[in-house]
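Peer 1: Structure incoming, see below.
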Amino acid sequence: MTLLSVESLTAGYGGIPVVRDVSIHVESGEIVALLGANGAGKTTLLHTIAGLIPEIGGTIAVADQKVNGWSTHQIVRQGLSLLPENRGIFFQLTVAENLRLYQRKGGSVSVADVIEYFPALAALLERKAGLLSGGEQQMLSLACRFIADPKLMLIDEMSLGLAPIIFQRMLPVLAQFAADRGVGVLLVEQHVHVALKSASRAYVLNRGELTFSGTAHDLQNQHQFLESNYMGSAKQGE
């Protein structure tokens, strides 16, 4: 099942395009990496999908429902969950309180379920989120998105502020959750080669335009192409 379908999307700020004519899709149970240098338009694209920025043109569908013009809370009810760069947790609340706040009423994911994915949280349930380490906070942030029982997850720079080894341990957990629950994941990440190991497909944005669409395996070996895109010098179609 196609959980995200973006067709010919143009979006930006104040009517000025940041991403132009972008088409991507995410299927049930797969992780799709969205890569590109800083300023390429990755976060703008995620925020537009989530209804935080109005599109200028094109269409967005989440779980087979066109969501153009919808508010963020309406899109969330359709099954979308966004994990932003700032982790999106409440530091003055305990781990258990954060989980209860995010838990979808009538959803199929329980606190016990997320503890199975993140056993380390079991001993931290009564600790305030602001007192957790960076790795523990990101673990909680992911757990909060899991317990929201999403169909589609948008993840913006999950590795931000984390030691690479911690990020590498979290990606297999995310992949397992996606496979177990049929969740689609669109993952924006600067640690390119780590992200590609967990992704099935990938897109590369350069200056707001797609310059690659294909399998993660194919992209992993294109070192010169990745370098040119991260230096901002690649052209559409190269």
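None of the figures in this text is laboratory data; all of them are computed from the coordinates on show. Keep in mind it's a predicted model, so treat the numbers as computed, not measured. Methodologically, a virtual Cβ is constructed for each residue, glycine included, from the backbone with ideal geometry; neighbour enumeration extends over all protein chains shown.
Peer 1: Name the single residue, out of those in region 204-217 being in contact with a Phe, Trp or Tyr (Cβ under 8 Å, 6 or more places away or on another chain) and over 15 Å from Gly39 (Cα atoms), that is surrounded by the fewest Cβ atoms within 10 Å (Cβ to Cβ).
Peer 2: Ser213
Peer 1: I'd like the residue in region 128-161 that is in contact with a helix residue (DSSP H, G or I) (Cβ under 6 Å, 6 or more places away or on another chain) and assigned to a loop (DSSP other than H, G, I, E, B) and, out of all such residues, is farthest from Asn86 (Cα to Cα).
Peer 2: Ala148
Peer 1: Is it true that Leu34 is buried (at least 20 other Cβ atoms within 10 Å of the Cβ), within 20 Å of Gln190 (Cβ to Cβ) and touching a Pro at 6+ places or on another chain (Cβ under 9 Å)?
Peer 2: Taking the combined requirement at face value, the residue does not satisfy it.
Peer 1: Quick one: Ser228 ticks every box in (1) touching a Phe, Trp or Tyr at 6+ places or on another chain (Cβ under 8 Å); (2) outside any loop (DSSP other than H, G, I, E, B) bar one, so which box is it?
Peer 2: With (1) touching a Phe, Trp or Tyr at 6+ places or on another chain (Cβ under 8 Å); (2) outside any loop (DSSP other than H, G, I, E, B) applied to Ser228, the lone miss is (1).
Peer 1: Out of all the residues in region 1-42, which are of a type in the set (Val, Ile, Thr) and more than 13 Å from Glu209 (Cα to Cα)?
Peer 2: Thr2, Val6, Ile16, Val26, Ile31, Val32
Peer 1: Considering only region 170-204, how many residues are among the β-branched types (Val, Ile, Thr) and within 17 Å of Tyr117 (Cβ to Cβ)?
Peer 2: 3
Peer 1: Quick check: anything in region 162-178 charged (D, E, K, R) and touching a helix residue (DSSP H, G or I) at 6+ places or on another chain (Cβ under 8 Å)?
Peer 2: No, because not a single residue in region 162-178 is charged (D, E, K, R) and touching a helix residue (DSSP H, G or I) at 6+ places or on another chain (Cβ under 8 Å).
Peer 1: Looking at Phe177, Phe167 in this structure, which one is in a helix (DSSP H, G or I), surrounded by 16 or more Cβ atoms within 10 Å (Cβ to Cβ), in contact (Cβ under 8 Å) with a residue 24 or more places away in the chain and in contact with a His (Cβ under 8 Å, 6 or more places away or on another chain)?
Peer 2: After ruling out the rest, the residue left standing is Phe167.
Peer 1: Provide a single number: the residues in region 3-16 that are surrounded by 16 or more Cβ atoms within 10 Å (Cβ to Cβ), of a type outside the set (Val, Ile, Thr) and over 14 Å from Leu187 (Cβ atoms).
Peer 2: Counting residues in region 3-16 that are surrounded by 16 or more Cβ atoms within 10 Å (Cβ to Cβ), of a type outside the set (Val, Ile, Thr) and over 14 Å from Leu187 (Cβ atoms) gives 4.
Peer 1: Name the pairs: first residue in region 141-156 and at positive phi, second residue among the hydrophobic types (A, V, I, L, M, F, W, C) and part of a loop (DSSP other than H, G, I, E, B), Cβ to Cβ under 6 Å, at least 6 apart or on different chains?
Peer 2: Cβ pairs passing all conditions: Asp149/Val109.
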